[in-house]
Amino acid sequence: MLGAAKNLSTKKNSGKTLNIGCGSDIWGDIRIDINPSAPGANIISDAHHLPLKDRSIKQIKCQEVLEHVESPIRVLREMKRVLADDGYIELSIPNLYEWRRILWNIRHPTKIRDVHKTIDHKQGWDGIEFQTLCNQVGLKVKDVQYLSLGNRRTRKLWFLDCLLKLILPPLLFHTHVKYTLVKDEKT
């Protein structure tokens, strides 16, 4: 599902921009995807080894990619390496606490791992785990936003969304989490 999410970038950019796992998305000066048939890519490369100079990128966008890679810590280190000191990363991952996911896991406790195999998710993180992962590579979380990607009306129980949106906190309602990351000045 590389680059399948809509453009999450809301900040104006100045300097080079990088889109990792772009798929068909054409946002960014440099658009990298591992899939040679990705229509938006202008560089075919693995995110574990970005073919870019140190501190050469002002803004990085990485949507729905990190959960698919073999080594997320290596990919985050590569992002930090190419990120300018005053740059930032916008990264989105699935929200493990979305109510549908929780219900499914309760109803199918022995199939939790099987689902991740079918959608090629190699791992997932809650908020604390993700912040810990970022801290390990010298990145700091500046902002967290909850997003709902995809059309909820095509899902089972979509009619509950109208009610649940009013009563559930964002953590339980939204399907994805967008993090804005910067280099940690301490590292």
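The values are calculated or read from the model by the stated rules, or taken from the named source; none is laboratory data. Computed from a predicted structure; not experimentally measured. Every residue, glycine among them, receives a Cβ derived from its backbone with ideal geometry; neighbour counts consider all protein chains shown.
Listing for the model above:
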item	result
Failed condition for LEU168, given (1) closer than 24 Å to ASN19 by Cβ; (2) at pLDDT 85 or above; (3) touching a helix residue (DSSP H, G or I) at 6+ places or on another chain (Cβ under 8 Å)	(1)
Selection count where residues are closer than 21 Å to LYS58 by Cα, of a type outside the set (A, V, I, L, M) and either in contact (Cβ under 8 Å) with a residue 60 or more places away in the chain or assigned to a loop (DSSP other than H, G, I, E, B) (or both), scope region 23-41	6
Failed item in (1) assigned to a loop (DSSP other than H, G, I, E, B); (2) among the charged types (D, E, K, R); (3) surrounded by 19 or more Cβ atoms within 10 Å (Cβ to Cβ), with LYS53 passing the rest	(3)
Matching residues in region 133-157 - criterion: being modelled with pLDDT under 95 and either touching a helix residue (DSSP H, G or I) at 6+ places or on another chain (Cβ under 6 Å) or under 14 Å from TYR88 (Cα atoms) (or both)	TYR146, ARG152
Candidate set from region 106-116 (those that are at pLDDT below 80 and surrounded by 10 or more Cβ atoms within 10 Å (Cβ to Cβ)); member that is farthest from PRO94 (Cα to Cα)	LYS111
Exclusive hit being polar (S, T, N, Q) and crowded, with 18+ Cβ neighbours inside 10 Å, set ASN19, ASN42	ASN19
